[in-house]
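J.: Can you keep this structure in mind? I'll have questions shortly.
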Ligand code: NAD
């Protein structure tokens, strides 16, 4: 018998057909599982990753996996998975933590293909509801310069100055959902997620977000006996973090609500990154020497979710205490970590890698164009703004040069 309290009072029809794109990813995997637990019999989970790389695989759902059957940039795939569907949850996106999105702006923006084609295919199939996963990265950077941030309310997305690349794409796709609703009568719903964390998500490799990265580094320090931790930035930057169970519950409630405009879905428990590290240390029962990597990607100075609107509409907001959610996340990552590393190899996992595209950047660097640029401020490619367009040779050298690209080729 399904636990209806998890559905937030929403009646879910078990006979409907539900599509979850990004079903092999962190939130998508949990969402598929949620609908299963609510008794929905026909679920299509879609993801570009091969099935053996999915975080959660459920044999009792239709799994459309891999570049041929699960790439939602491909309109044919979108049409196939949307045919006969009642509800679509569009979560597929090429994304990751700050180290990824600051270095892969083009890749992040290409998710516009996925969003466009899924909207078109869903419209063509006459789906009843279309949910789109937006992000707090759409918010105007000028309103996030202080760690003692005033929580961001929905109207703060305009005038537009979102996170370069990833945030611009999200803001654009949000608007596309709005116009599909206004012009074509499609029932689109949009939530702006604020940092989601929990078990069964990315915890290493360059796409992981702060809570998972910090858990991993603390575990690596504990296992290796080298009691130090590298922190990106000076640790004073503030954020709120929403536990996955709250996220899934919120998606379900928002999709079936009458909330027409994009709405925040996030916790309002604000912490600094230093405090987040302390929580992970407490769970691990150790104290670490903190080393601050000041030139690493760190995002805005402060960001929190203003939950007045979600409270007004739903009488609810994400409420899992960070300490409790981190405990569950830490334990899951610890298991994964110990299955892969031991005391001799653990130190390898204590440093965060930066990825560019699907391959690591050679050496220790990340894209120097991003590194020295206040991307939040500029929002324009280097070469047109501060950086001088007359020095292309230096740019090539800084990003690894000929030698470095040879190294990458050899690795491939
Ligand atoms: P994730 O990376 O774990 O999952 C996204 C999945 O989409 C991946 O499995 C990936 O393989 C898949 N994907 C990428 N391109 C695809 C394509 N062309 N076709 C099909 N599948 C494709 O990330 P997540 O944390 O589960 O995020 C889910 C959604 O929520 C994303 O849209 C993301 O932008 C949004 N979001 C997440 C957070 C967060 O903190 N996790 C915050 C804000 C917004």
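Bear in mind that the values in this text are calculations on the coordinates, not laboratory data. Keep in mind it's a predicted model, so treat the numbers as computed, not measured. Cβ coordinates were reconstructed from backbone atoms using ideal geometry, including for glycine residues, and neighbour counts include every protein chain displayed.
J.: Using only the Cα atoms of the stretch 138-210, build the gyration tensor, take square roots of its eigenvalues as a ≥ b ≥ c, and label the shape rounded, prolate or oblate: rounded if a/c is under 1.5, else prolate if a/b is larger than b/c, else oblate.
T.: oblate
J.: May I ask you to compute the full-extension gain from residue 245 to residue 258, defined as 0.36 nm times their residue separation minus their alpha-carbon distance, rounded to one decimal in nm?
T.: Full-extension gain reported as 2.5 nm.
J.: Once you have the Cα-Cα distance between residue 128 and residue 158, take 0.36 nm times their residue separation minus that, and quote the gain in nm to one decimal.
T.: In short, 7.9 nm is gained.
J.: Which of rounded, prolate or oblate describes the stretch 1-112 when judged by the alpha-carbon gyration tensor and an a/c cut-off of 1.5?
T.: Note, shape of the stretch 1-112 comes out prolate.
J.: Apply 1/(1 + (r/R0)^6) to the Cβ-Cβ distance of residue 182 and residue 321, taking R0 = 45 Å, and write down the FRET efficiency to the nearest 0.05.
T.: 0.70
J.: Next question, about the same structure. Taking a virtual spin label 7 Å from the Cα of residue 274 along the C-beta vector, which residues in the stretch 138-164 bring their backbone nitrogen under 19 Å of it?
T.: The answer is 145-150, whose backbone nitrogens lie closer than 19 Å to the label point.
J.: Under a plain spin-label model, where a point goes 7 Å from the Cα along Cα-to-Cβ, how far apart in nm are residue 41 and residue 336?
T.: Computed distance between label sites residue 41 and residue 336 equals 3.4 nm.
J.: Defining a contact as two alpha carbons under 8 Å apart and six or more residues distant in sequence, what relative contact order in percent does the stretch 157-218 show?
T.: Relative contact order, the stretch 157-218: 16 percent.
J.: Hey, could you pull the Cα Rg and Dmax for the stretch 203-271, both in Å?
T.: That works out to 16.5, 53 Å for Rg and Dmax.
J.: May I pose another question? May I ask you to order 330-343, 301-314, 264-277 by the average number of other C-beta atoms within 10 Å around their residues, highest value first?
T.: Peptide ranking by packing, descending: 264-277, 301-314, 330-343.
J.: Same structure again: Fewest to most neighbouring Cβ within 10 Å: what's the order for 229, 12?
T.: Ascending Cβ contact count within 10 Å gives the list 12, 229.
J.: Right, another one. Relative contact order for the stretch 86-145: what percent, with Cα pairs under 8 Å and sequence separation of 6 or more?
T.: 52 percent
J.: Over the stretch 1-157, calculate the relative contact order: mean separation of alpha carbon pairs under 8 Å at least 6 apart, over the residue count, as a percent.
T.: 20 percent
J.: Compute and list, largest first, the equivalent-ellipsoid semi-axes of the stretch 195-350 from the alpha carbon gyration tensor, each √(5λ) rounded to a whole angstrom.
T.: 31, 17, 12
J.: What does the C-alpha gyration tensor say about the overall shape of the stretch 116-159? Classify as rounded when a/c is under 1.5, otherwise prolate if a/b is larger than b/c, or oblate.
T.: prolate
J.: Rg/Rh for the stretch 68-136: what does it come to with C-alpha atoms and Rh from Kirkwood?
T.: Here Rg/Rh amounts to 1.02.
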